[in-house]
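The values are calculated or read from the model by the stated rules, or taken from the named source; none is laboratory data. The model shown is predicted, which means the values in this text are computed figures rather than measured ones. Heads up, the Cβs are rebuilt from the backbone with ideal geometry, glycines too, and the neighbour counts pull from every protein chain shown. The protein model used for the area step is the full one, side chains on, heavy atoms only, and it has no ligands, DNA or RNA in it. Shrake-Rupley method; radii C 1.70, N 1.55, O 1.52, S 1.80 Å.
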Amino acid sequence: MAVNASFVSPTADAKIAQRIGQINANSLVSTILNGINGWTIALTLFFVLVAYDQFMYIWQKGSIVGPTWKTPFIGPFLESVNPKFSKYHEKWLSGDLSCVSVFHKFVVLASTRDMARKVFNSPTFVKPCVVDAAYKLLRPNNWVFLDGKAHVDYRKGLNGLFTRQALETYLPGQEDVYNAYFKKFLQISQEEHKGKPIPFMPEFRELMCAVSCRTFVGHYISDSAMKKIADDYYLITAALELVNFPIILPFTKSWYGKKAADMVLEEFTKCAAKSKVRMAAGGEKECILDCWVASMLECEAYRKKVDSGVPITDAEKPSMLIRFFSDFEISMTLFTFLFASQDATSSAATWLFQIMADRPELLDKVREENLRVRGGDRNKPVTMELLESMTYTRAVVKETLRYRPPVIMVPYIAKKDFPITENYTVPKGSMVVPTTYLALHDPEAYPNPDSYEPDRWISGDAEKQVKNWLVFGTGPHYCLGQTYAQLNLMLMVGKASMLLDWKHQITEKSEEIKVFATLFPMDDCLLTFSERPA
């Protein structure tokens, strides 16, 4: 045995090793604990959330086109504050399906005709969702948020408001509004601005709001209330932009929009109460509200007869049995009509006046047709028969709706995982947004799609391209008022052609597209009006 060797028992060695381990472990834990503070916890949590946000985006994106990485949490929200049409267009062209992720919402864009139609025609998988703020502005129990059979049944009760007979009932009120506002246009141009061109897009928005209100609620609404709605509807539009802050905070777009929406609902509720009194007293129907209330009263009287046992013939049974709606329920529905029409018709009206001014030879054809069908009397009241005979005016309106579609995107939400293609499934809860623009500018359906050519609807085969005509959507949620909207625009441009002359000051931004819910000229359409000799 070596001289310097020592002997220690195994038990002693184990105790020493255990103590050394305890010392090292305690030291390590102590070091870690001493290094932890509020900032390190917050920073760690932030990085974990960022990693989770990125992971969820990449997982949901799958194989479709989209940014490789997402700006943490907000995504492209800052870009959307001032949306550019060129950016939207670039996104649509990037692929049949593309995506973005904004705040907590994953959004899939369906750009081509076939992808858009698949979304429109898949009620099993998707339903219209508008945006988060819409539920608060339109109210969660609004009919537009119904789904399945409940939605179908509700729509059936509204179909009677847009029949040919009903649409003719609304024409006198619409014509009165156009006569009044065309005089106002002359006053603005000649008296207030001495013939100097000014942006007329705001005036067209007020005009179309006035026409809508007169069509929807007749004379039950005062001119001052109608003007208030027209002025404040900007706030509602801004609050319902596709990408917006998800929570209504004071003094934000959503907050101002909510206040404006509350005002509209209150006014329409008052109108509903007045119509019930007038229709019950046998008043003549003048507007959509009157037609709807009259139908409710007719159904109510029928049910009372049935309950009382009075013999009833089949001829006495209303064509569509509907229940009796409260004033506020009626108001909510009328608000959705305004929501669907205001921005879209304002856009179409603005482009129509600009396009006609820039193409006077086309305006001359519209003017000639409108005078001819009226027998040369430009003051002859319009009828459905007259409107239906205006082949060229109709072509001008349809080409405007194709060339500058008022509605470019329609948000839906996936009710469950949606296998939109063989290779990609839209995750449940995601927004899926079909666009109409590429379908309406498809060169195979519409040769020279970026050229404005009304004759394609007369001598061409544009009418046959029904799959591409997505201006008013398709499927179970197609626009109820599509015939009304086209006839209304025909009436507007036809009357204007006979009563007014107008000139457009072309700028470098006249053909540049501004996105404000829908499409407008970037310079807001600089016009001046003058009276046309009889």
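Worth pointing out:
- The range 456-507 and the range 81-152: distance between their alpha carbon centers, rounded to Å: 24 Å
- Out-of-range pairs (alpha-carbon distance over 26 Å; input Lys91/Lys365; Lys184/Lys503; Lys270/Lys317): Lys91/Lys365; Lys270/Lys317
- Eligible aspartates and glutamates near Lys156 by straight Cα distance, threshold 14 Å, same-chain separation 8 or greater: Asp147
- When the chymotrypsin sites (Phe, Trp or Tyr not before Pro) in the range 92-136 are filtered for DSSP coil states and for at most 16 other beta-carbon atoms within 10 Å of their beta-carbon, the remaining sites are Phe103.
- Overall Cα dimensions of the range 346-425 - principal axes, largest extent first, Å: 60, 29, 22
- Computed from the C-beta positions of Ser510 and Arg532, the FRET efficiency with R₀ = 22 Å rounds to 0.45.
- Solvent-accessible area per residue, Å², over the chain with all protein chains present [probe radius 1.4 Å]: 48 Å²
- Calculated [222 nm] ellipticity per residue, helices only, for the chain: -17500 deg cm²/dmol; basis is -39500 (n - 2.57) per DSSP H run with n ≥ 4, divided by all residues, nearest 500.
- Potential lengthening of the chain between Glu284 and Leu146 amounts to 46.5 nm, from the contour at 0.36 nm per residue minus the alpha-carbon distance.
- Percent accessible area from carbon and sulfur atoms, the chain, protein chains only, probe 1.4 Å: 58 percent
- Too-long pairs where the Cα-Cα distance tops 18 Å, listed order kept, from Lys70/Lys136; Lys105/Lys415; Lys127/Lys428; Lys70/Lys253: Lys70/Lys136; Lys70/Lys253
- Site pair Leu321 and Thr71 shows an inter-label distance of 5.6 nm when each label is modelled 7 Å from Cα along Cα→Cβ.
- Extension reserve of the Lys304-His219 stretch, reckoned as 0.36 nm per residue once the Cα distance is removed: 27.6 nm
- Along the axis of the charge dipole computed for the chain (Cβ charges of +1 for Lys and Arg, -1 for Asp and Glu, origin at the Cα centre), the listed residues Met226, His104, Tyr170 are led at the positive end by His104.
- Cross-link partners of Lys183 among aspartates and glutamates (Cα-Cα below 20 Å; sequence separation of 8 or more within a chain): Glu175, Glu191, Glu192, Glu203, Glu206, Asp223, Asp231, Asp377, Asp501, Glu531
- A Förster radius of 30 Å, combined with the Cβ-Cβ distance separating Ala273 from Arg155, puts the computed FRET efficiency at roughly 0.75.
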